[in-house]
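One structure is given below, encoded as structure tokens.
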Amino acid sequence: MKKYFEILKIGCWILFIISGCQQTPISLSERLETLPDAEIIPIEPDTLFKSAYEIHLAQPLDHKYPNGETFYQRIYISHIDSTRPVVFITEGYDADYNYTTELSRLLDCNQIVVEHRYFGESVPDSMNWQYLTIEQAANDHHRIIQLFKKVYKGKWISTGISKGGQTTMYHRYYFPEDVDVSIPYVAPLNFSVEDPRVYDFLRSVGTAKCRQKIHDFQELILKRKNTYFPMFLERSKNKSYTYRIGEEQAFEYSVLEYSFAFWQYGRWNCWEIPDSTWTNEEIFDHFSNISDFKYFSDQGIKKLEPFFYQAMTEIGFYGYDFSEFNGILTAVKNPLFTFSAPENVELVYNDQIMFDVNDYIQNEGNNFIFIYGETDTWSSTAVQLTGKTNALKMVKKGGSHATRIRNMSDEEKELVLSTLEEMLGIEINRSGI
């Protein structure tokens, strides 16, 4: 029997040399049946798809030692046809439900959503933080793609939103040949734990009049702390928020966050910003609607703890400029988000890796389409292209962090779609968006 397999192996090698020894495609059901150490749960598909599954797949905690400790990573597969393309979504956080992306509808194709390691249900038994790196996550995605390329022989498009878009970039940096095209949405590329480009953006975005109104509102809240801090405590109590950083610090951080949050999602107009003539209730409601108090609560920090660890060790973040509020900040002392990272864990920032990713994108990153919103605060650290690749960067005028292809102008949509057609080599039905 052993000799038979050796002869078969030699025969296949000879055939490969002569004409190429191709792997026979397998069906999705065959692939699911042979997945190594996985739980497969059939779920209700979106109307776009024929079937869908929630999968918990065993992944190496450390891909350098694949036979070591494992964790289960949550994946959603939505299936139409093995010959259709695949949209591969690299979530940056948890993936609590299976959703359908605009790209999947546009391309009428299969879809795979991958929850990021250390988030949601994709958490190892031992929270060893040293394995939460962009390289380990990229290897998670690479392994999943290799497993399902035996099923899907069409084009592969990777994508993600915000931190998910960052994750898309990182995966391509480590495995540039895994997919045919990548479309990161509103994805920053930060170069430090306190990227100063955020400050530059907040000093120039919008009009001078609007920026002044934002500053005046923040100053109003701080100067009337005796009024609004008790309201902050009451609102926090009603929502069962607690603050390990201290209630006063959480209050002042929420005021500092206001300007970043105001521009990020663009849900408010400058004329809607209250001034001192408004009632205290109106002022406080506006404040709490924009600055989510949960962000600085123990509950919010716990949910985002893996993200803050990544921000403080590899992917960078932003901080707060205290200089505009000299004399009226009494509690906060630290402009960085180090207070949000896991307690009693050493934080050593890799100050080179994001520059390496940037170098790859600018010099080798072909078949990328980057999508940003003009007034989204995260556009302050957007990818900057050099023209050395065929990558396309789209910035929607007046767009926020909610910028998508579907809410672009007709001209912008057409440029994205025609570029995507060229990169994929397939025709796209414009009625899909």
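Of the residues examined, Lys223 is one that is basic (Lys, Arg) and within 22 Å of Thr277 (Cβ to Cβ). Of the listed requirements (1) in a helix (DSSP H, G or I); (2) at pLDDT 95 or above; (3) among the hydroxyl-bearing types (Ser, Thr, Tyr), Tyr76 misses just one: (1).
In the stretch 321-334, the residues that are in the same structural domain as Arg224 (by TED's automatic domain parsing) reach residues that are modelled with pLDDT under 95 and assigned to a helix (DSSP H, G or I) with C-beta atoms within less than 7 angstrom, at least six apart or across chains, in these pairs: Leu329/Phe322. Restricting the stretch 396-433 to residues that are under 23 Å from the mean Cα position of the chain (by Cα) and surrounded by fewer than 16 Cβ atoms within 10 Å (Cβ to Cβ) leaves a set whose member that is nearest to Thr83 (Cα to Cα) is Arg406. The set of residues from the stretch 232-262 being hydrophobic (A, V, I, L, M, F, W, C) and closer than 14 Å to Asp292 by Cα comprises Phe232, Leu233, Ala250, Phe251, Val255, Leu256, Phe260, Ala261, Phe262.
Which of the residues spanning the stretch 256-275 are out of contact with any helix residue (DSSP H, G or I) (no Cβ under 7 Å at 6 or more places or on another chain) and part of a helix (DSSP H, G or I)? The answer is Leu256, Tyr265, Trp271, Glu272.
Mind counting the residues in the stretch 107-145 that are surrounded by fewer than 22 Cβ atoms within 10 Å (Cβ to Cβ) and under 14 Å from Asp46 (Cα atoms)? Counting residues in the stretch 107-145 that are surrounded by fewer than 22 Cβ atoms within 10 Å (Cβ to Cβ) and under 14 Å from Asp46 (Cα atoms) gives 1. One residue stands out among those in the stretch 200-255 that are in a loop (DSSP other than H, G, I, E, B) and of a type in the set (Val, Ile, Thr): the one that is surrounded by the fewest Cβ atoms within 10 Å (Cβ to Cβ), which is Thr207. Evaluated against (1) of a type outside the set (Asp, Glu); (2) without any contact (Cβ under 8 Å) to a residue 60 or more places away in the chain; (3) not in a loop (DSSP other than H, G, I, E, B), Ala95 falls short on exactly one condition, (3). Taken together, Glu194, Glu219, Glu234 contain a single residue that is over 17 Å from Ala261 (Cα atoms) and out of contact with any Phe, Trp or Tyr (no Cβ under 6 Å at 6 or more places or on another chain), which is Glu234.
It is to be established whether one or more residues within the stretch 60-70 are surrounded by 19 or more Cβ atoms within 10 Å (Cβ to Cβ), in the same structural domain as Lys150 (by TED's automatic domain parsing), over 22 Å from Val179 (Cβ atoms) and touching a residue at least 12 places away in the same chain (Cβ under 8 Å).
Of the residues in the stretch 60-70, the ones surrounded by 19 or more Cβ atoms within 10 Å (Cβ to Cβ) are 61.
From what is left, the residues that are in the same structural domain as Lys150 (by TED's automatic domain parsing) are 61.
If we keep only those that are over 22 Å from Val179 (Cβ atoms) too, we end up with 61.
Checking which are touching a residue at least 12 places away in the same chain (Cβ under 8 Å) leaves us with 61.
Yes, some residue in the stretch 60-70 is surrounded by 19 or more Cβ atoms within 10 Å (Cβ to Cβ), in the same structural domain as Lys150 (by TED's automatic domain parsing), over 22 Å from Val179 (Cβ atoms) and touching a residue at least 12 places away in the same chain (Cβ under 8 Å).
In the stretch 100-119, the residues that are not assigned by TED's automatic domain parsing to the domain that holds Thr168 form no Cβ pair under 6 Å with any partner that is of a type in the set (S, T, N, Q), whether six or more places apart or across chains.
The values are calculated or read from the model by the stated rules, or taken from the named source; none is laboratory data. Since we're looking at a predicted model, the values are computed, not measured. For neighbour counting, all protein chains shown are included, and Cβ atoms are generated from backbone atoms with ideal geometry for every residue, glycine included.
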